[in-house]
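The values are calculated or read from the model by the stated rules, or taken from the named source; none is laboratory data. Predicted model only: the values in this text are computed from it and were never measured. Heads up, the Cβs are rebuilt from the backbone with ideal geometry, glycines too, and the neighbour counts pull from every protein chain shown. Just so you know, the surface numbers come from the protein's heavy atoms only, side chains and all, with ligands and any DNA or RNA stripped out. Shrake-Rupley method; radii C 1.70, N 1.55, O 1.52, S 1.80 Å.
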Amino acid sequence: MKRRFSIRSFYAIRLGVGILTVGCLLLANFMPQRSIQLFPSKRITIDAYADNLSGGNSVARWLDKSTHTFQCDFMAGADFRYCGASIKFFDFEPAETVVSRSENYDYQWMHTVDLSTYDALVLELDYQGQASGLRLFIRNAFSQPSNTNEHNAQKFIYQNLAKRELSNPITIPLSDLKVADWWVDQYRIERKDASVAVDSVFELGIDFSGQPPLGKHTISVKRIEAVGEWVSDASLYIFIIALWLASLAFEGGYRIFLLYVANRRFRHSLLELKDENSHLRLTARTDALTRIYNRAGLETLFNKLFPAKGHAEFTLVVIDLDHFKKVNDNYGHAAGDQALQVVSKTISQQLRSGDIFGRWGGEEFLLLTMATGVALVQLMHRLNIAVEATDVNLTAGDVLNVTMSMGATAARKGETLNQTFARADAALYNAKAAGRNTWRKK
Ligand SMILES: Nc1nc2c(ncn2[C@@H]2O[C@H](COP(=O)(O)OP(=O)(O)OP(=O)(O)O)[C@@H](O)[C@H]2O)c(=O)[nH]1
């Protein structure tokens with residue numbers, strides 16, 4: 001299996017993730033802020049209003065609509081003096097954007113803006129007058145069954161702006177905004193609903209904090225913008241941590257996978273070695289021509305049985321093909337080989353599973369059998385008859401029959417292989433002397 005990753009690849013991945021981390025941090029620092037211009041805009045109306053709408057004497061009027069400059073003329077009369085400008089959002093472009101509420105003004109709010117993904121509001125205002133400061137206010141749609149459509153019942157959020165701040169653009173973090181106490185009191189808002197929300201803003205306004213001094217005050221609303229980061233610090237850090245965790249998890253997982261593969265390969269080669277080993281052991285003990293035990297194989301087994309533990313427990317039989325030289329001389333060596341193969345197969349077929357049969361060398365075989373007495377006699381006869389009756393069909397087309405002579409002897413207690421073998425060999429000699437194709441026992 002081809003390895004796609006090496007340890008060096010992991011270092012490369014770590015370096016890549018490191019570079020990506022630094023890149024993200026730099027990008028987050030140098031990336032321009034995300035912003036939305038709320039004012040001026042074509043899809044808004046800005047209207048100036050004052051307490052003369054509710055029975056007071058203060059009036060609001062536009063001095064210059066093109067610069068959104070209006071004047072509040074506070075006059076005594078109302079219990080609570082007010083005057084300001086209100087910006088409302090639309091999803092279409094209204095015919096007129098700069099209006100006065102006293103002129104046939106429609107209160108319905110048309111469209112909401114979600115500012116919750118921003119961090120701050122930036123305001124540019126101009127103020128001429130004797131008040132200590134102005135107030136930015138926001139109304140966010142607040143749906144309670146009882147007050148769904150009532151304009152004043154919508155969540156009122158504000159921040160006071162000191163007069164001295166107004167000479168420059170002011171940045172008001174959204175987290176600095178407050179929910180007005182009067183709104184909470186008046187509408188008996190539960191504490192869980194009394195927190196700042198800017199997800200459905202439908203009105204932004206500039207008016208006065210507290211009770212402003214009587215007289216004329218001039219306000220120009222130049223610009224209102226919401227600004228924020230493209231990616232919050234929290235998201236950025238979560239992303240970086242997730243990136244590292246993912247790369248480390250990948251690395252860990254892949255290392256485990258590599259270990260698993262290496263382990264499997266190791267186990268596989270171990271099995272192969274085992275197979276090879278047993279194959280070698282088998283070949284070392286097997287005769288290449290006849291596929292029965294060879295001399296080494298027989299000796300290994302005989303070493304466990306000799307010196308003989310008991311008396312006449314088993315019989316050792318030496319088998320020798322008769323006049324085999326003639327077979328070779330008359331039919332050729334290859335025919336002799338074929339005869340050896342056929343004879344060893346024929347003998348094997350006559351044996352029991354406990355019998356040990358192998359080629360001792362040349363045309364000589366050894367058989368160690370548990371058969372003794374009558375069983376041995378029967379076996380010996382059977383073997384002589386079977387071999388004699390088996391045709392050796394030579395490749396050249398000739399059919400050959402071979403015979404064999406056998407010498408058998410029972411192993412005596414304490415005897416070595418050589419001692420038993422010598423007696424069996426003497427018995428074989430007797431069989432040969434008796435005319436061959438027979439067996440003798442000693
Ligand atoms: N084809 C072949 N011949 C073999 C092999 N091993 C031994 N021989 C031959 O077997 C013959 C054995 O001959 P001898 O020992 O003289 O005995 P024999 O001709 O079988 O006669 P007796 O044993 O007296 O019956 C020799 O010609 C060997 O060359 C072998 O692996 N293949």
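Just to be sure I understand, how many residues within region 387-425 are open to solvent by 30 Å² or more (accessible area, probe 1.4 Å) and touching a Gly at 6+ places or on another chain (Cβ under 7 Å)?
Total meeting the criteria: 2.
Out of all the residues in region 12-21, is one or more over 25 Å from the mean Cα position of the chain (by Cα) and not assigned by TED's automatic domain parsing to the domain that holds Val98? It would help to see each step written out before you state the result.
At the first step, the residues of region 12-21 found to be over 25 Å from the mean Cα position of the chain (by Cα) are none.
No, that holds for no residue.
Among all residue pairs at least 6 apart or on different chains, which show Cβ distances below 9 Å where the first residue, located in region 179-192, is under 12 Å from Ala153 (Cα atoms) and the second is open to solvent by 40 Å² or more (accessible area, probe 1.4 Å) and in a strand (DSSP E or B)?
Ala180/Tyr158
Assess whether Ala60 counts as being buried (at least 16 other Cβ atoms within 10 Å of the Cβ) and of a type outside the set (S, T, N, Q).
Working: buried (at least 16 other Cβ atoms within 10 Å of the Cβ): yes; of a type outside the set (S, T, N, Q): yes.
Criteria met by Ala60.
Determine whether region 301-321 contains at least one residue that is within 16 Å of the ligand (Cβ to nearest atom) and either within 60 Å of the chain's Cα centre (by Cα) or assigned to a loop (DSSP other than H, G, I, E, B) (or both).
Taking region 301-321 first, the residues within 16 Å of the ligand (Cβ to nearest atom) are 317-321.
Okay, now just the ones that are also either within 60 Å of the chain's Cα centre (by Cα) or assigned to a loop (DSSP other than H, G, I, E, B) (or both), so none.
No, region 301-321 has no match at all.
If we scan region 356-373, do we find a residue that is part of a helix (DSSP H, G or I) and assigned by TED's automatic domain parsing to the domain that holds Leu400? Before the answer, list the steps.
In the first step, residues of region 356-373 are kept if they are part of a helix (DSSP H, G or I); the result is 373.
Adding the requirement that they be assigned by TED's automatic domain parsing to the domain that holds Leu400 leaves 373.
Yes, that holds for at least one residue.
Output the number of residues of region 331-346 satisfying the condition of being among the β-branched types (Val, Ile, Thr) and either within 16 Å of the ligand (Cβ to nearest atom) or open to solvent by 40 Å² or more (accessible area, probe 1.4 Å) (or both).
2
Is region 355-367 home to any residue that is within 16 Å of the ligand (Cβ to nearest atom), open to solvent by 60 Å² or more (accessible area, probe 1.4 Å) and either of a type in the set (D, E, K, R) or under 60 Å from the mean Cα position of the chain (by Cα) (or both)? Can you show your working first?
So in region 355-367, the residues within 16 Å of the ligand (Cβ to nearest atom) come out as 358-366.
With the extra rule that they be open to solvent by 60 Å² or more (accessible area, probe 1.4 Å), the set shrinks to none.
No, region 355-367 has no match at all.
In region 412-437, what residues are touching a strand residue (DSSP E or B) at 6+ places or on another chain (Cβ under 6 Å) and either assigned to a loop (DSSP other than H, G, I, E, B) or free of Cβ contacts under 8 Å to residues at least 12 places away in the same chain (or both)?
Restricting attention to region 412-437, the residues satisfying the condition of being touching a strand residue (DSSP E or B) at 6+ places or on another chain (Cβ under 6 Å) are 420, 423-425, 427-428, 430-432, 436.
If the condition is that a residue be touching a strand residue (DSSP E or B) at 6+ places or on another chain (Cβ under 6 Å) and either assigned to a loop (DSSP other than H, G, I, E, B) or free of Cβ contacts under 8 Å to residues at least 12 places away in the same chain (or both), then Arg436 is the only one that fits.
Name the single residue that is nearest to Asp114 (Cα to Cα) among those in region 173-200 being open to solvent by less than 100 Å² (accessible area, probe 1.4 Å) and among the charged types (D, E, K, R). Walk me through it before giving the result.
Kept after step one, since they are open to solvent by less than 100 Å² (accessible area, probe 1.4 Å), are these residues of region 173-200: 173-174, 176-180, 182-184, 187, 189, 193-200.
Next, from what is left, pick out any that are among the charged types (D, E, K, R): 176, 178, 193, 199.
Values: Asp176: 17, Lys178: 17, Asp193: 18, Asp199: 4 Å.
The residue in question is Asp199.
Which residue, of Leu115, Leu123, Leu63, is outside any strand (DSSP E or B), touching a strand residue (DSSP E or B) at 6+ places or on another chain (Cβ under 6 Å) and of a type in the set (A, V, I, L, M, F, W, C)?
Selected residue: Leu115, the only one of Leu115, Leu123, Leu63 that is outside any strand (DSSP E or B), touching a strand residue (DSSP E or B) at 6+ places or on another chain (Cβ under 6 Å) and of a type in the set (A, V, I, L, M, F, W, C).
Check Thr300, Thr315 and return the single one that is free of Cβ contacts under 8 Å to residues at least 24 places away in the same chain, in the same structural domain as Asn418 (by TED's automatic domain parsing) and among the polar types (S, T, N, Q).
The unique qualifying residue is Thr300.
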